[in-house]
Structures are given as structure tokens and as C-alpha cells.
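A.B. asks: Just dropping this structure here.
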Amino acid sequence: MKELIKRLVETYGPSGSEDQIRKAILEEVRPYVDEARVDPLGNLIAVKHAAKGNGGKKIMLAGHMDEIGVMVTHIDEKGFLRFGGIGGISPQILLGERVVFADGTVGIVGVERLDDPKDLRFDKLFIDIGAKDKAQAEKAVGIGWSAGYYRTFDDLGDRLVSKAMDDRIGCAVMIQAAKELKKTPNEVYFVFTVQEEVGLRGARTSAFAVDPDIGIAIDVTRTGDTPKGLPMAVELGGGAAIKVKDSSLVAHPKVKDLMAEVARTDKIPYQFEVLEAGGTDAGAIHLTKAGVPSGTISIPTRYIHTPSEVVDYGDVQACVRLLKGIVGRPIGL
Ligand code: CO
Ligand code: ZN
């Protein structure tokens, strides 16, 4: 599974520019599903049909394909690109980073001279693509072009690090579950959504089209286990995190209980998660039409929205087993 994770996290795909990552995911998931289609906004919807003669549930799984990034707003007279953020990206973390555009153009994030480090904002930063002047920069890059962090995957043994674990690790968990799931009594929709980082947009429209009985998002969550970090119960290595609440969702009690029940029955390590700020695609799914009982399986992740997001491989495997265990059984909800 590490090869799959490496391929997904290293692929380019800021919100709204998901073509490359969608192509990679389609190649990876296609052998394990019965059909796959792309909807009008660009969500990839892959379906595994219920085994014959079963009145199973229609389950929508959602993992977002997009990653945070930056977008060029204008090019200054010396050929430096000025830009704004796409999703929750911070100027402090961008400083000194390299970013990459869809065509492979690489840029370095530099900063104007600051009297006070507190003045560090997007309008003080620029991207240097190595252009000698404005004309050369304009030939290489256009207004509205998007770039993502330029970082590779590293295997630290038990822990894995890369940019875009949020949420390519969720996509990888879904693909791996599709691969290992031989037969299911349910109709399982593996939806790889677009534009989560700018407001759960792909999940909103795809949930409307799928019209599921149950919704499950698979996404990263924060941890409380780093020095003077967030006061939070989730830790790396503690197993799959079953969400109770975040700012977008109060998990449906029956979905949450079902997840914990499956984890106990299958002896999968798990922990409950209460995230005080942040949301996932389940926030959009559960408010679809007349309402969809929904929950979230979270992969505990350190340093979210930095170029070095860290997950524990044992947690990742626990999430695969939990997801497989849920969608692979008859559900009485
Ligand atoms: Co995110
Ligand atoms: Zn995410």
C-alpha cells in the first residue's frame, strides 16, 4: 500500500485543478469496482454493486482528491508572481517553500523585508520562478494558475510523511478497501471529491446525485500528542479515529455506534475523536435532501496543512480494515 500512497500524495492537484490526481486515482481504483464515472463538477464516482439478491444499503464514501495550494493573482514589474491562498494555507508555513504548477514549473516562495515578523501576510510574499524579467515570467506562468507544495513522500518506517496526506491518505484507504473487499451486500459508492478545501463543494453535488442511505467521509484529523500541542484525545498510533463531532458535523449516533461495534468485533484499534475546529465532506453529505445519517473515519495526522503531514502506517491499516468491515456487512440502520 505504501507505493499507492506515494503515488497519490506526490501527484499535483490543488482545489479546482484535480485532472492529474483524478486520472491517477481512476487508474488505481478501476480494477476493483464495477463502474466509474466523472460528474459535472469533476468528482470521480466509482461503484461496487451489491452481490445479487440482497436489499443492502446505498453507502456513499467520500475522500477528497484536492489539496491546498496557492493561485497567481498578478505578476510584478520584475517578474515575481504575487499570489493568494487556495484553502487553509498559511503565509508562515509557505516561507522558503518550493511550489509546483500543473506543468511542472517550480517556484520558490520569498518574502519582502519585514520590520516585524508579525507583518508576514500573503501580500508580503512572492514566488520566484527564476524569470529574469516580467516578459519571461509571463511566458512561463499565467494569471489564475495554481500551484501546490513541491515535496516528496518519505517512509520513516512506522510513520509516513508527505505533503497532501490531507486527503490522499483517505483516497488511498478507500482504494485499498475496494481492492480487499471481495463481495458486499451493499451498493458502495467510492466518491473521490473535488474542492473540499475551499468549502466541501464536490461532496455537496455528488451526494445529491448519489442520494445515499448512509454517508461516510474518510479524512485526516488533528492529534494532541506533540509538544505543547492541541488539547485533544487523538494520538498517532492509537488506531482509526471515529469522529463524534467537528464544526461541520455531529456524527449520527447510529453510524458512530456502528463504526465502534465493527471495530470491537473485528479487533481493530480505534479511538473517538472530537475536533473543535475543522470539518470534512460528511458536513455537506449529511445535509443533502431530507438528510443522510453520516459519520467520518479519520486518519490521525500531525502537522496538517504543512508540506510535511505525518501519519502512522498502523493507523492507516486500521482505517482500511474498519472501512472494509463496515461496508462489507449487512447494515441494520
Ligand atoms: Co485539509
Ligand atoms: Zn481533508
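A.B. asks: How do Arg121, Arg151 rank when sorted from fewest to most other Cβ atoms within 10 Å of their own Cβ?
C.D. replies: On the way: Arg121 11, Arg151 20.
Starting with the residue having the fewest Cβ neighbours, the order is Arg121, Arg151.
A.B. asks: How would Phe101, Phe122 line up from fewest to most surrounding beta-carbon atoms within 10 angstrom?
C.D. replies: Working: Phe101 25, Phe122 16.
Lowest to highest Cβ neighbour count: Phe122, Phe101.
A.B. asks: Classify region 241-333 from the C-alpha gyration tensor, please: rounded if a/c falls under 1.5, else prolate or oblate depending on whether a/b exceeds b/c. Mind showing how you got there, number by number?
C.D. replies: On the way: a/c = 2.07, a/b = 1.10, b/c = 1.87.
Verdict is oblate for region 241-333.
A.B. asks: On to the next question. Over region 129-239, what relative contact order in percent results from Cα pairs under 8 Å that are six or more residues apart? Walk me through the intermediate numbers first.
C.D. replies: Details: 61 pairs, mean separation 18.4, N = 111.
Relative contact order here is 17 percent.
A.B. asks: Same structure again: In percent, what relative contact order does region 69-149 have, based on Cα pairs under 8 Å that are 6 or more apart in sequence?
C.D. replies: That works out to 44 percent.
A.B. asks: Using only DSSP helix segments of four residues or longer, with each worth -39500 (n - 2.57), what per-residue ellipticity at 222 nm results for the chain after dividing by its residue count and rounding to 500?
C.D. replies: -8000 deg cm²/dmol
A.B. asks: Consider a paramagnetic label point 7 Å from the Cα of Ala135 along Cα→Cβ; state which residues of region 60-84 have an amide N under 15 Å from it.
C.D. replies: Residues 77-79 fall inside that zone.
A.B. asks: Something else now. Quick one: helix 201-210 against the long Cα principal axis of the chain, what's the angle to the nearest 10°, folded into 0 to 90?
C.D. replies: 30 degrees
A.B. asks: Counting other Cβ atoms within 10 Å, which trypsin sites (Lys or Arg not before Pro) in region 1-90 have at most 16 and lie in a DSSP loop?
C.D. replies: Working: sites: Lys2, Lys6, Arg7, Arg22, Lys23, Arg37, Lys48, Lys52, Lys57, Lys58, Lys78, Arg82; in loops: Lys52, Lys57, Lys78.
For trypsin sites (Lys or Arg not before Pro) across region 1-90 that sit outside H, G, I, E and B with at most 16 neighbouring Cβ atoms in 10 Å, the list reads Lys52, Lys78.
A.B. asks: Can I ask one more? Can you tell me how region 1-101 classifies by the Cα gyration tensor, rounded, prolate or oblate, using a/c under 1.5 as the rounded cut?
C.D. replies: Numbers: a/c = 3.01, a/b = 2.59, b/c = 1.16.
Prolate.
A.B. asks: For an R0 of 25 angstrom, estimate the FRET efficiency from the Cβ-Cβ distance between Arg264 and Ala290 and round to the nearest 0.05.
C.D. replies: That pair, Arg264 with Ala290, gives E of 0.20.
A.B. asks: Ok, one more. For the chain, compute Rh as the Kirkwood radius over C-alpha pairs and then the Stokes-Einstein diffusion coefficient at 20 °C and 1.002 mPa s; write the answer in µm²/s, rounded to an integer.
C.D. replies: After rounding, the answer is 106 µm²/s.
A.B. asks: Specify whether the C-alpha gyration tensor of region 69-149 places it in the rounded, prolate or oblate class, a ≥ b ≥ c being the square roots of the eigenvalues: rounded for a/c under 1.5, otherwise prolate if a/b is larger than b/c and oblate if not.
C.D. replies: Oblate is the answer for region 69-149, as a/c is 1.5 or above yet b/c matches or exceeds a/b.
A.B. asks: Quick one: compute the contact order of the chain, relative version, from alpha carbon pairs under 8 angstrom and 6+ residues apart, as a percent. Please list the in-between numbers first.
C.D. replies: Working: 822 pairs, mean separation 75.8, N = 333.
Relative contact order of the chain: 23 percent.
Throughout, read-outs are computed from the coordinates displayed, never taken from laboratory work. None of the values given here were measured: they were computed from a predicted structure. Please note: Cβ atoms are built from the backbone with ideal geometry, for glycine as well, and neighbour counts cover all protein chains shown.
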